[in-house]
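Reviewing the structure listed below.
The values are calculated or read from the model by the stated rules, or taken from the named source; none is laboratory data. Source: prediction; values computed, not measured. Every residue, glycine as well, gets a Cβ built from its backbone with ideal geometry; the counts of neighbours run over all protein chains shown.
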């Protein structure tokens, strides 16, 4: 069996009645009749629309009549009543008489891709129509937003079932045209061409319908079980983590505004932060880290099937892994910022009791490496920290702003 080259394909064409009449081509009547045909069949039942597909589709050159057609749906309706179909028909008729444009978009799926996604059962020939409608709506929302027709256009769609490729057939128009106009052979015509970036964005939105749930699971895994777990763990309880912590902490610049993973001032410490992250994940979150790696590989394969071999699906693994390093690195640095508050207070107490400053961060850390002293110091400083909180409000607000 040949591999899936592209699990989803999106195409858009349009009918411009004025432009076709100006060109005077032999197929002008047939092209314009496509617009008229779509209007005529809006309120017909599914069986009739099946057999009349050639009369209202711009894709007759490579699409046959569907074996089965779902009912019409729109931006906020999964099915239409008879009155709603009549209202939709009137909107398209108004657009036709106002010399508006009709855009027809087809989103075509490789049925094998839908099977792998758990959306199609080839034995019963049943498909998850809710997800396909969601896919169409995501694409059309982007189409109207990008082309500036969110408030002026109407659209309707139906799912067409064929042996190899289930597809969604969508038609959109503006009852009162707002598109910029241009002059062609002495006649003003509305511009029907869609920007290339719009088409790319439409396909991206359509494809992301099938990636969103994996994205959500991955984000939850990283945020709650990996990064969240690191935030709740004291690095000083593990001697290896403690050694890594001390090495990074003593090398940090004095300006704590630089203590964020992406800041240039600590770029030289990123390899050490990544090393600490990997040690933590492999030692304390091995199950979650393995799940993360498997999920990322699955998503990358899904992207390859969606976008094809020429897509940048290979970069996705590196991007997701880097994102994990950034989040974990910032969790470590957050712990260090919190620790630095104790370090500052320790230095003040050291100065008060000895009359001199510790020589460096290393000296203060040498005194704090004994766990009993470390935790004893923290307990003794609790009351002081609460009293000093008001003086640190400005600093903490700055940290909050940088993280959000």
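Counting just the residues of segment 167-182 that are in contact with a helix residue (DSSP H, G or I) (Cβ under 9 Å, 6 or more places away or on another chain) and farther than 14 Å from residue 50 by Cα, which one comes out surrounded by the fewest Cβ atoms within 10 Å (Cβ to Cβ)?
Here is the first cut: in segment 167-182, the residues in contact with a helix residue (DSSP H, G or I) (Cβ under 9 Å, 6 or more places away or on another chain) are 168-177.
Subset that is farther than 14 Å from residue 50 by Cα: 170-177.
Numbers: 170: 23, 171: 25, 172: 24, 173: 28, 174: 22, 175: 17, 176: 11, 177: 18.
Here the answer is 176.
Could you tell me whether segment 193-208 includes any residue that is touching a strand residue (DSSP E or B) at 6+ places or on another chain (Cβ under 8 Å) and free of Cβ contacts under 8 Å to residues at least 60 places away in the same chain? Lay out the reasoning, then the answer.
Looking only at segment 193-208, we keep the residues that are touching a strand residue (DSSP E or B) at 6+ places or on another chain (Cβ under 8 Å), and these are 193-194, 199, 202-203, 206-207.
Subset that is free of Cβ contacts under 8 Å to residues at least 60 places away in the same chain: none.
No, every residue in segment 193-208 fails to be touching a strand residue (DSSP E or B) at 6+ places or on another chain (Cβ under 8 Å) and free of Cβ contacts under 8 Å to residues at least 60 places away in the same chain.
Considering only segment 234-247, state which residues are surrounded by fewer than 19 Cβ atoms within 10 Å (Cβ to Cβ) and assigned to a helix (DSSP H, G or I).
Applying the first criterion (surrounded by fewer than 19 Cβ atoms within 10 Å (Cβ to Cβ)) to segment 234-247 yields 234, 236-240, 242-243, 246-247.
Selection gives 236, 237, 239, 240, 242, 243, 246, 247.
Residues to consider are 322, 264; find the one that is surrounded by fewer than 18 Cβ atoms within 10 Å (Cβ to Cβ), at pLDDT 80 or above and within 17 Å of the chain's Cα centre (by Cα). Before you say what the answer is, go through the steps one by one.
Working: 264 fails: within 17 Å of the chain's Cα centre (by Cα).
Going through 322, 264 in turn, the sole match is 322.
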Return yes when residue 333 is over 30 Å from residue 200 (Cα atoms), assigned to a helix (DSSP H, G or I) and modelled with pLDDT of 80 or more and no when it is not. yes
